[in-house]
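One structure is given here, and the rest of the page talks about it.
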Protein chains: 2
Amino acid sequence: MVSIASKFLAKKNVVLSDIDAEEKLLSSKDKSVDKLRTLALAEKLAAYQDLLYAQKKHKILVILQGMDTSGKDGTVRAVFGQINPLGARCYCFKAPTAIESAHDYLWRVHQQVPALGEIAIFNRSHYEDVLITRVHQWISAAEVPQRFAHINAFEKMLAETGTTIFKFFLHISKSEQKERLEERIADPNKHWKFDANDLKEREYWDDYQVAYQEAIEATNTEYAPWFIIPANSKTQRNLTIASILEEQIALMGLAYPPGNPDIKKLVVK
Amino acid sequence: MVSIASKFLAKKNVVLSDIDAEEKLLSSKDKSVDKLRTLALAEKLAAYQDLLYAQKKHKILVILQGMDTSGKDGTVRAVFGQINPLGARCYCFKAPTAIESAHDYLWRVHQQVPALGEIAIFNRSHYEDVLITRVHQWISAAEVPQRFAHINAFEKMLAETGTTIFKFFLHISKSEQKERLEERIADPNKHWKFDANDLKEREYWDDYQVAYQEAIEATNTEYAPWFIIPANSKTQRNLTIASILEEQIALMGLAYPPGNPDIKKLVVK
């Protein structure tokens, strides 16, 4: 049987514009059923996280990347919403601070990687350092392949020291982004999420698509694969990511550590 | 003219036992003169550090490695003793804590790398993770070359993002270590520096020499070179390290940033 993960794994020489952001591969055709399926998967992920935390043998890193409004926050809520914060940590990478900028760009990222027993979720990540920095030419052309090599070496080291890495690109269409931005503008309750800068960044849409495509191509490795998630439908986006994670984490053979016979003999007086 | 640095740079296929730990290449034959020369160099380093801090264009990482009693603390005092702690930071890597061990072995190291304008001095470092861990077989044979590759990739990334790296191996002989340990045992004022474990580690002397030799060989790169410092004489050790650093940092072209003409026009009322 073909795994769910393999259906969404970025192919070699990926062309983003060839991938339909509307695609609903896992859909049951009933939105409320799909939402319930996602919730059930999220609860399974929470159970796995409990084993992960007890066993302290694995580390899981989930990286979420995508254009503005592509649904990174919503994914965290829907897919990881059932998880115990004891062993899961979401980290949002914003524009670097002065102290962060004074160090190499992987410095702040390395500090947030998961420990044994932890799931770390990166909302944006070191990939911004080959995306926005590239689109706005804050780095030179020569630095781009150099950074791809740094990132691959960094992720390889994490993988070889026990980290399982999942990278998700939330793929939306340009027209879907337009609708979502218009929604944010129309609804005062969404104004806190609106940043006038998003409209400026939207003008660079094509440059971003190229930068994403090349970054995904260059860093899509066996030890840190990229999944491309059609994300025009929020329900399908959540269902797809939850399905891939549930399927792949189930394969890790998580289990509670064996009981201790000496503890069993103890009598509480 | 041959640079001082090139005389101490680790050669390809380095054989530690062929290098005389008693060697005094830079000696004036007068110990008190050599001590004064070292002090003058240390003062020059302090002046460079001031420029480095003002300019905020470079980062300098100095790594000190060597067998127990080889003089890492003494080097920090003699060579960096004149430096303003504002822009210089010494970090001693001890046995990892539980939280550190739960992460990859480069995690705690990356956190301590220098920012722009800083000099960071590592007293021991990530090299312990291919030395003591290897001698005691806490890591498998397959992990050793894997870690050499991680370390090279990590140091390359640091170098490509603006860090100048100097790695010093303080080379003492086995008989010199014996004398120094005996001194520590004989002098109650040195007991705080004595660890009974050092005697146990001394039994692995040959294994450590092999581990050092192979680590130096595998990680002696253009972007992060190893210098082998004959260190049986403390005076010569300090003079050599101070000379190499002074010579190499002088080549970096440090300077105060240009004055601001607008500031010059200001009148203080």
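At a glance:
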read-out: In segment A:55-92, the residues that are in contact with a Phe, Trp or Tyr (Cβ under 7 Å, 6 or more places away or on another chain) and free of Cβ contacts under 8 Å to residues at least 24 places away in the same chain; value: none
read-out: Residue in segment B:36-43 that is at pLDDT 95 or above, within 14 Å of chain A (Cβ to nearest Cβ) and open to solvent by 20 Å² or more (accessible area, probe 1.4 Å) present; value: no
read-out: Count of segment A:138-150 residues which are polar (S, T, N, Q) and facing chain B (nearest Cβ under 9 Å); value: 1
read-out: Residues satisfying the stated conditions in segment B:250-269, i.e. part of a helix (DSSP H, G or I) and surrounded by 10 or more Cβ atoms within 10 Å (Cβ to Cβ); value: B:250
read-out: Flag if residue B:134 is outside any loop (DSSP other than H, G, I, E, B), in contact (Cβ under 8 Å) with a residue 60 or more places away in the chain, more than 14 Å from chain A (Cβ to nearest Cβ) and open to solvent by 10 Å² or more (accessible area, probe 1.4 Å); value: yes
read-out: Evaluation of residue A:153 against (1) open to solvent by 50 Å² or more (accessible area, probe 1.4 Å); (2) within 13 Å of chain B (Cβ to nearest Cβ) (one fails), failing number; value: (1)
read-out: Those residues of segment B:6-26 which are touching an Asp or Glu at 6+ places or on another chain (Cβ under 7 Å) and more than 13 Å from residue B:220 (Cβ to Cβ), in sequence order; value: B:21
read-out: The lone exception for residue A:74 - which of (1) more than 16 Å from residue A:229 (Cβ to Cβ); (2) under 14 Å from the mean Cα position of the chain (by Cα) it fails; value: (1)
read-out: Neighbours by Cβ (under 7 Å, 6+ apart or cross-chain): first from segment A:27-44, within 19 Å of residue A:7 (Cβ to Cβ) and without any contact (Cβ under 8 Å) to a residue 60 or more places away in the chain; second assigned to a helix (DSSP H, G or I) and open to solvent by less than 70 Å² (accessible area, probe 1.4 Å); value: A:28/A:34
read-out: Tally, over segment B:233-268, of residues that are among the polar types (S, T, N, Q) and in contact with a strand residue (DSSP E or B) (Cβ under 8 Å, 6 or more places away or on another chain); value: 3
read-out: Filtered residue count, segment B:1-18, keeping only those that are open to solvent by 50 Å² or more (accessible area, probe 1.4 Å) and not in a helix (DSSP H, G or I); value: 7
read-out: Hits in segment B:157-193 - residues which are more than 14 Å from chain A (Cβ to nearest Cβ), open to solvent by 60 Å² or more (accessible area, probe 1.4 Å) and in contact with a helix residue (DSSP H, G or I) (Cβ under 6 Å, 6 or more places away or on another chain); value: B:174, B:190, B:193
read-out: Matching residues in segment A:57-78 - criterion: being out of contact with any Pro (no Cβ under 8 Å at 6 or more places or on another chain) and within 26 Å of residue A:156 (Cα to Cα); value: A:57, A:58, A:62, A:63, A:64, A:65, A:66, A:67, A:72, A:75, A:76
read-out: Residues satisfying the stated conditions in segment A:194-222, i.e. surrounded by 15 or more Cβ atoms within 10 Å (Cβ to Cβ) and more than 25 Å from residue A:20 (Cα to Cα); value: A:194
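The values are calculated or read from the model by the stated rules, or taken from the named source; none is laboratory data. Predicted model only: the values in this text are computed from it and were never measured. Cβ coordinates were reconstructed from backbone atoms using ideal geometry, including for glycine residues, and neighbour counts include every protein chain displayed. Ligands, DNA and RNA are stripped out before the accessible areas are found, and what is left, the full protein with its side chains, is counted by its heavy atoms. Shrake-Rupley method; radii C 1.70, N 1.55, O 1.52, S 1.80 Å.
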